[in-house]
Amino acid sequence: MAGRETLILPVRAVDMMRSLILLAVLPLVACGPKPAPVPPQKLLFDDFSYADPAALTRQGWTVRSEAGWPGVGGAAWGGVGLVDDPEHKGNRLLRLSAQTDGEKTQQAQLCQQRKFLAGTYAARVRFSDVPVSGPDGDRIVQTFYTISPLRQQMDPDYSELDFEYLPHGGWGASGPTLFMTSWETVQLQPTFKPYVESHRERGNLAGWHTLVVQVKDGKTVWFVDGKRSGEHGKASYPRVPMSINFNLWFIADGLAPAKGLRRWEQDVDWVFHAADEVLTPDEVEAQVAGLRSKGVAHVDGVPASSLPSPCNM
């Protein structure tokens with residue numbers, strides 16, 4: 001056609017041009033825009049890097065000491081501390097320890113203030129499939145969850161969201177199972193009757209995992225290690241502010257018949273909450289990495305609350 005020239009390049013030259021174009025474009029495709037940082041006034045982040053466990057109290061955490069639900073009746077509560085990370089020099093971990101000899105039992109729970117509702121919750125948690133010492137076989141529950149106190153049986157405003165790992169099964173599961181449960185309400189006495197939406201991931205989950213749950217617009221969406229696991233709806237959607245918690249406890253009728261003291265541990269690397277913001281697991285990881293790269297070990301811009309903590313109920 002008049003006025004148009006056709007440029008013919010050798011095959012090798014064409015290949016070189018394609019490579020140059022790909023090199024120019026791929027970084028834009030692979031990296032994309034970085035997520036904007038969550039405003040500090042909407043953010044809770046704690047990487048538990050304190051030298052002294054007493055610092056937990058100054059940052060709004062409460063170590064439970066009150067007897068009661070859940071777990072073995074009459075169990076003591078304690079077993080919360082901080083340890084050096086054996087895999088990353090300079091890093092510190094929150095450690096929950098629980099132990100029993102079949103007669104005397106100690107369980108562990110750590111509670112933040114009750115001031116969290118919609119938004120994105122996340123934590124990096126290490127689960128265990130065997131005790132660190134003593135005979136194996138107890139049915140134990142390792143958790144990251146949010147909760148409000150149950151003011152009465154079938155409380156219409158009760159709110160609770162649970163990640164619960166049972167390495168030896170329980171609650172109808174015969175093997176290692178991670179339960180993800182959104183609570184509408186519950187009756188504890190005289191018969192336990194939970195009203196929930198729940199799903200589960202079966203299989204061994206010993207080791208480190210990043211757990212994320214998005215709570216927004218009547219939906220609760222669950223993720224394990226970046227993979228979407230399930231979604232729950234309005235019936236079980238949280239209604240009132242909750243506390244962020246970790247606990248480690250034995251199922252009351254699940255103690256092994258073996259004699260001798262056995263001790264279990266659960267570690268937490270960091271915990272994160274972005275109030276009213278829905279973040280993907282990748283965005284959460286990017287936010288955490290950004291905070292750590294700046295040397296930010298703790299930030300809490302979520303307004304304080306005078307609501308009673310579940311640790312004190």
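The values are calculated or read from the model by the stated rules, or taken from the named source; none is laboratory data. Worth saying up front: this structure is predicted, and the values here are computed from it rather than measured. Neighbour counts run over all protein chains shown; Cβ positions are idealised from the backbone, glycine included. Each accessible area value is taken on the protein alone, full model and side chains, heavy atoms only, with ligands, DNA and RNA left out. Shrake-Rupley method; radii C 1.70, N 1.55, O 1.52, S 1.80 Å.
Things to note:
- Working note: Karplus 6.51/-1.76/1.60 with θ = phi - 60° gives the stretch 115-132 the couplings 8, 10, 9, 6, x, 10, 10, 7, 7, 9, 10, 9, 8, 10, 9, 9, x, 6 Hz, where Gly and Pro are set to x.
- Kirkwood estimate for the stretch 82-186, i.e. one over the average of 1/r between Cα atoms, Å: 16.3
- Of all accessible heavy-atom area on the stretch 66-179, the percent that carbon and sulfur account for (1.4 Å): 48
- Estimated purely from DSSP H runs of n ≥ 4, each contributing -39500 (n - 2.57), the mean residue ellipticity at 222 nm for the chain is -4000 deg cm²/dmol once divided by its residues.
- To the nearest ten degrees, helix 11-31 and the longest principal axis of the Cα atoms of the chain are 30 degrees apart.
- Highest to lowest packing among 71-78, 115-122, scored as the average C-beta count within 10 Å: 115-122, 71-78
- Dividing the mean sequence gap of close Cα pairs (under 8 Å, 6+ apart) by how many residues the stretch 98-217 holds gives a relative contact order of 28 percent.
- Using a simple spin-label model with pseudo-atoms 7 Å out from Cα toward Cβ, Lys34 and Ser198 lie 4.2 nm apart.
- Read-out percent of Cα pairs over 25 Å apart, derived from the coordinates shown; its label in (i) 59; (ii) 44; (iii) 53: (iii)
- Over the stretch 43-130, relative contact order from alpha-carbon pairs under 8 Å, at least 6 apart, %: 28
- Distance-filtered residues of the stretch 62-76 - backbone nitrogen under 17 Å, label point 7 angstrom along Gln189 Cα→Cβ: 67-75
- Computed FRET value (nearest 0.05) for Ala67 with Arg292, which takes r as the C-beta separation and R₀ as 51 Å: 0.85
- Residue-normalised accessible area of the chain, expressed per residue, 1.4 Å probe, Å²: 50
- Anisotropy class of the stretch 251-297 from Cα gyration tensor, a/c 1.5 cut: prolate
- Taking every C-alpha pair closer than 8 Å and separated by at least 6 residues, the mean separation divided by the residue count of the chain gives a relative contact order of 29 percent.
- Cα-based helix-to-principal-axis angle, 281-293 vs the chain, degrees rounded to 10: 90
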